[in-house]
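The values are calculated or read from the model by the stated rules, or taken from the named source; none is laboratory data. Bear in mind that the values here come from a model prediction, so they are computed numbers and not experimental data. Note: ideal-geometry Cβ built from the backbone for every residue, glycine included; neighbour counts use all protein chains shown. These accessible areas exclude ligands, DNA and RNA; they are computed on the full protein's heavy atoms, side chains included. Shrake-Rupley method; radii C 1.70, N 1.55, O 1.52, S 1.80 Å.
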Amino acid sequence: MKALSQKRRHPLAALVLLALALLLSGGLYAVATATNEAQAATSTSYSAEDIAEGQKLFVSNCATCHGTNAEGSVDGPSLIGVGAAAVDFQVGTGRMPMQMQGVQAQLKPGQFNDEQTMQLSAYVASLGAGPTIPEDEYLDVSKGDAANGAKVFLANCAMCHNAAGVGGALTRGKFAPTLMGVSEKHIYEAMETGPQNMPVFSDVNITPEEKRDVITYLKSQEVNTPVGGFALGSLGPVSEGLLIWTLGLVIVIAFTLWLTSRAA
Amino acid sequence: MSHSLQSDYKAKTTTGRIAHYVDQRVGVSGIVKEFGRKIFPDHWSFMFGEVALYSLVILILSGTFLTFFFNPTMVSVTYDGSYVPMKGVDMSGAYASALDISFDVRGGLLMRQIHHWAALMFMMAMTVHMLRVFFTGAFRRPRELNWVVGATLMIVGILAGFTGYSLPDDVLSGNGLRIIDGIFKSIPLIGTYISLFFFGGEFPGSAIISRLYSLHIMVIPAILLLLVAIHMFMVVIHKHTQYPGPGRTENNVVGFPVGPVYAAKAGGFFFIVFGIIALLSATFTINALWNYGPYDPSPVQAGTQPDWYVGFGDGALRLWPGVWPFPWEFEFLGGTWVLSVLLPFALMAGSVIMAMVFWPWIERWVTKDNRVHNVLDRPRNAPFRTGVGVAGIIGYATLMIAASSDLIATHFHVSLNDVAYALRASFLVGPLIGFYITQRICLALQRKDRELVLHGIETGNVVQLPHGEFIEVHKPVDEYRRYALVDFESPAPLPAQPNKKGKVNPIEKIRAGLSKIWFEDRVVAVTPAELEAAHHDHHSDNAVEGSVSASLEK
């Protein structure tokens with residue numbers, strides 16, 4: 001210990017310290033990325049054949065906008081590193097290939113079957129590490145906690161998707177779609193990859209278990225019978241006001257007409 | 001009344017004896033004799049005030065039930081009720097008890113929904129009642145003050161609704177309070193102090209729910225009931241207005257007495273209104289507060305709107321430009337002036353309210369008509385006023401619709417920004433277009449009425465006369481119906497009048513200008529002489545389609 005303290009004013013001491021610091025941070029980074037890649041590797045078991053088929057589909061259906069090597073163009077972003085989850089969401093929900101250029105890709109009936117979607121995902125995943133398709137464990141609502149899901153949902157999602165998850169407006173024609181009727185897998189992938197105007201909720205922000213809780217909450221909203229009668233679209237005071245000024249007013253007028261139709 | 005106190009009358013039945021006993025001591029028969037013979041005219045459009053009154057009674061009944069279970073505190077508790085998605089969540093006692101009312105109190109959700117639907121019904125009925133009074137000119141002398149009482153009832157009704165909306169302490173109601181906080185703070189110089197005073201410190205503080213509760217269940221209902229009492233007392237003093245018709249004059253009221261006809265009708269109607277509200281409450285969810293979660297100042301949820309009657313204020317805020325053509329915010333006199341919040345409220349929403357309250361005097365000033373009016377105008381016979389009313393409806397409705405601009409954007413697949421641009425245009429231009437079209441429609445309907453009176457109803461029978469001419473036979477309007485068609489005034493523009501000093505002051509010139517605009521285009525009622533002439537034409541079997549243009553004054 002004495003030797004070390006004596007040498008701390010040595011001309012090369014600073015250099016040694018710097019080298020040590022670099023080694024430490026570099027080593028940590030290497031470990032971190034390795035675990036990331038390891039994660040990516042464990043759940044991707046795509047065969048070379050899948051990747052080759054995926055590339056064929058990609059070139060004939062996606063390359064116009066995303067470039068022949070998925071490097072992106074003025075019409076579409078690069079897909080290198082977006083991962084299988086992004087492809088599975090965009091293609092699986094029918095948003096990609098896009099019906100038309102616009103502020104936001106619109107939902108439409110899917111263009112590819114499950115196998116083709118998987119092949120496309122395999123090809124894009126082979127281009128660079130990215131979020132993978134979630135494991136079934138995190139999609140199983142029987143393991144989720146709806147109360148915690150409601151808490152996470154109301155704090156992170158309700159500002160765009162509405163407290164009841166029925167969607168809401170964003171600026172200039174963009175919008176947050178309804179979450180009712182969206183599959184567990186697609187909800188998870190959307191949180192993981194942040195499609196369209198949605199932010200990414202990484203596993204650091206919302207852990208996979210919390211994502212499962214959110215899905216559990218949304219699925220419970222779907223299956224529960226509205227306790228108060230017809231929910232009027234769960235849109236809040238606007239649909240209530242509309243109802244009183246239409247149905248409510250018509251019923252009242254009908255009765256006033258009836259009451260005054262006979263003299264006494 | 002005094003004679004009944006000393007009568008020696010002996011009733012034959014027990015009921016009669018009890019009634020007589022009571023009557024001798026409180027003199028009810030005198031009251032019944034006086035009030036039971038009050039005459040009310042029969043028309044469906046006269047019944048909306050009643051709907052509002054009955055809704056208020058239902059509000060008080062259902063509200064009393066809710067006070068038994070609601071806990072107006074902001075002290076934090078951990079929810080442990082039946083609603084699974086909120087289990088274990090920390091929330092205010094107010095929100096927890098609102099959830100308990102919805103899920104754990106027997107009949108609680110139904111009562112909550114009855115209370116809320118009744119509130120919407122109350123405000124709607126008041127609005128429709130007020131529109132009826134406006135369009136028929138029932139606010140004219142002697143009823144101007146009652147119009148102001150009614151307008152005040154409307155404003156106090158908005159306050160009642162808003163304080164109630166804020167009580168559950170969920171994210172929706174907290175967002176509404178945050179806007180109120182912003183409006184307070186936009187008041188120059190004293191705004192921050194008012195906000196701190198109101199919330200008992202910085203928003204949201206821990207006092208606001210109990211304060212709003214005191215206002216909502218004591219102060220505001222007391223004011224409402226007092227105003228309702230004054231409003232109805234004045235109806236009794238002034239007597240009810242009536243539509244023009246045979247035998248109806250400024251000095252009588254044609255209709256049925258309160259007892260027994262109206263007492264029975266009105267009593268029954270109360271239960272009908274209760275039934276309608278109960279039906280809505282049992283069928284449609286209102287304010288699903290369990291969806292929103294406990295209030296937390298950080299999130300603002302999509303689809304956050306006030307109830308419809310506050311919508312015009314929210315819409316004004318949404319429509320006011322944020323930074324165009326300059327940022328509506330500057331530092332002055334040691335404070336920040338937030339005009340983008342202050343002006344929409346003071347100018348847009350405020351002007352709508354003020355124009356409504358002061359309309360009777362605006363109209364009287366222009367027309368110089370200070371006579372007593374007990375016979376109503378049919379809306380078409382007051383084209384200018386009807387046009388102004390429609391313009392007001394368009395302006396108000398635009399603001400109200402603007403409060404739902406986000407839902408319009410998502411449901412009609414249009415851009416939120418475009419919705420705002422369109423509604424801004426509608427607020428500025430819509431009332432003018434609405435006024436012009438309405439006034440023209442009124443004039444056209446008046447001409448149609450003239451046509452009907454002078455030439456009768458087309459029968460579709462075409463007759464060939466012996467000399468070969470074809471004529472179409474018109475059937476005269478029967479006298480009973482004709483009365484309503486000809487009994488109206490059509491004032492001519494009143495030029496500027498000199499004052500006592502013989503001078504025409506500038507304000508009088510403005511008045512004369514307005515009078516010219518109001519009454520320049522007009523259709524006069526058919527006079528007996530004209531009718532006689534038209535009938536004469538009929539008898540001579542020629543010129544059946546006579547020229548009406550001669551009698552249309554321009």
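Just a few scattered comments:
- Complete set of residues in the stretch B:279-291 that are of a type outside the set (A, V, I, L, M), open to solvent by less than 20 Å² (accessible area, probe 1.4 Å) and either closer than 18 Å to B:Ile180 by Cα or outside any helix (DSSP H, G or I) (or both): B:Thr285, B:Asn287
- Flag if A:Ala163 is open to solvent by less than 50 Å² (accessible area, probe 1.4 Å), under 22 Å from B:Asn291 (Cβ atoms) and not assigned by TED's automatic domain parsing to the domain that holds A:Ala70: yes
- Within the set B:Leu452, B:Leu428, B:Leu399, the sole residue that is more than 32 Å from the chain's Cα centre (by Cα) and part of a helix (DSSP H, G or I) turns out to be B:Leu452.
- The lone criterion from (1) more than 7 Å from chain B (Cβ to nearest Cβ); (2) out of contact with any Phe, Trp or Tyr (no Cβ under 8 Å at 6 or more places or on another chain); (3) at positive phi left unmet by A:Val200 is number (3).
- Residue ID - most open to solvent (accessible area, probe 1.4 Å), chosen from residues in the stretch A:106-153 that are under 16 Å from the mean Cα position of the chain (by Cα) and within 14 Å of chain B (Cβ to nearest Cβ): A:Leu107
- Subset of the stretch B:134-146 [among the hydrophobic types (A, V, I, L, M, F, W, C) and open to solvent by 20 Å² or more (accessible area, probe 1.4 Å)]: B:Phe134, B:Phe135, B:Leu145
- Yes/no for B:Ile58 being open to solvent by less than 20 Å² (accessible area, probe 1.4 Å) and either of a type in the set (A, V, I, L, M, F, W, C) or not in a loop (DSSP other than H, G, I, E, B) (or both): yes
- Test: residue in the stretch B:316-338 that is within 13 Å of another protein chain (Cβ to nearest Cβ), crowded, with 17+ Cβ neighbours inside 10 Å and farther than 30 Å from B:Ser102 by Cα: yes
- Exactly one residue among B:Arg25, B:Arg37 is in contact with a strand residue (DSSP E or B) (Cβ under 9 Å, 6 or more places away or on another chain) and of a type outside the set (S, T, N, Q), and that residue is B:Arg37.
- Of all residue pairs spaced 6 or more apart or on separate chains, those with beta-carbon atoms under 8 Å, a first member in the stretch B:296-313 that is facing chain A (nearest Cβ under 8 Å) and in contact (Cβ under 8 Å) with a residue 24 or more places away in the chain and a second member that is part of a helix (DSSP H, G or I) and acidic (Asp, Glu) are B:Ala302/B:Asp406; B:Gly303/B:Asp406; B:Gln305/B:Asp314; B:Pro306/B:Asp314; B:Asp307/A:Glu240; B:Trp308/A:Glu240.
- Of everything in the stretch A:207-242 that is β-branched (Val, Ile, Thr) and open to solvent by 10 Å² or more (accessible area, probe 1.4 Å), the residue that is nearest to the other protein chains (Cβ to nearest Cβ) is A:Val238.
- Residues located in the stretch A:196-206, provided they are modelled with pLDDT under 90 and either open to solvent by less than 40 Å² (accessible area, probe 1.4 Å) or under 19 Å from A:Asp140 (Cβ atoms) (or both): A:Asp203
- Listed by first and then second residue, the pairs linking a residue in the stretch A:189-216 that is in a loop (DSSP other than H, G, I, E, B) to a residue that is of a type in the set (Val, Ile, Thr) and buried (at least 16 other Cβ atoms within 10 Å of the Cβ), with Cβ atoms under 7 Å apart and 6 or more places separating them unless they lie on different chains, are A:Val200/A:Thr193; A:Ile206/A:Val152.
- Only listed residue being within 23 Å of B:Gly293 (Cβ to Cβ), away from every other protein chain (no Cβ under 14 Å) and modelled with pLDDT under 95, chosen from B:Gly137, B:Gly182, B:Gly191, B:Gly176: B:Gly182
- Given (1) under 23 Å from A:Ala105 (Cα atoms); (2) more than 14 Å from chain B (Cβ to nearest Cβ); (3) touching a residue at least 40 places away in the same chain (Cβ under 8 Å); (4) not aromatic (Phe, Trp, Tyr), index of the condition A:Val166 fails: (2)
- Some residue of the stretch B:169-180 being without any contact (Cβ under 8 Å) to a residue 40 or more places away in the chain and either open to solvent by less than 20 Å² (accessible area, probe 1.4 Å) or in a helix (DSSP H, G or I) (or both): yes
- Total residues in the stretch B:83-99 satisfying the condition of being under 39 Å from the mean Cα position of the chain (by Cα) and not in a helix (DSSP H, G or I): the figure is 3.
- Among the residues making up the stretch B:193-224, those that are in contact (Cβ under 8 Å) with a residue 40 or more places away in the chain, open to solvent by 50 Å² or more (accessible area, probe 1.4 Å) and among the aliphatic types (A, V, I, L, M) are B:Leu215, B:Ile217, B:Ile223.
- In the condition set (1) closer than 30 Å to B:Ile362 by Cα; (2) surrounded by fewer than 24 Cβ atoms within 10 Å (Cβ to Cβ); (3) within 13 Å of chain A (Cβ to nearest Cβ), B:Phe122 is compliant with all but (2).
- A:Leu179 vs. criteria within 14 Å of chain B (Cβ to nearest Cβ), over 30 Å from A:Glu71 (Cβ atoms), touching a residue at least 12 places away in the same chain (Cβ under 8 Å) and open to solvent by less than 10 Å² (accessible area, probe 1.4 Å): no
- Residue tally, condition out of contact with any strand residue (DSSP E or B) (no Cβ under 9 Å at 6 or more places or on another chain) and surrounded by 11 or more Cβ atoms within 10 Å (Cβ to Cβ), over the stretch B:471-487: 6
- Residue within the stretch B:233-247 that is farther than 30 Å from B:Leu317 by Cα and more than 26 Å from the chain's Cα centre (by Cα) present: yes
- Of all the listed residues (B:Phe35, B:Phe40, B:Phe46, B:Phe70), the sole one being crowded, with 17+ Cβ neighbours inside 10 Å, aromatic (Phe, Trp, Tyr) and away from chain A (no Cβ under 14 Å) is B:Phe70.
- Selection of the stretch B:380-396 for residues being touching a Gly at 6+ places or on another chain (Cβ under 8 Å) and assigned to a helix (DSSP H, G or I) yields B:Arg385, B:Gly387, B:Val390, B:Ala391, B:Ile393, B:Ile394, B:Gly395.
- If you check B:Arg424, B:Arg447 for being of a type outside the set (S, T, N, Q), in contact with a Leu (Cβ under 6 Å, 6 or more places away or on another chain) and more than 14 Å from every other protein chain (Cβ to nearest Cβ), only one passes: B:Arg424.
- Number of residues in the stretch B:244-288 that are of a type in the set (Asp, Glu) and facing chain A (nearest Cβ under 9 Å) equals 0.
- The conditions of being touching a helix residue (DSSP H, G or I) at 6+ places or on another chain (Cβ under 6 Å), within 13 Å of chain B (Cβ to nearest Cβ) and more than 23 Å from A:Val87 (Cβ to Cβ) are not met by A:Ala158.
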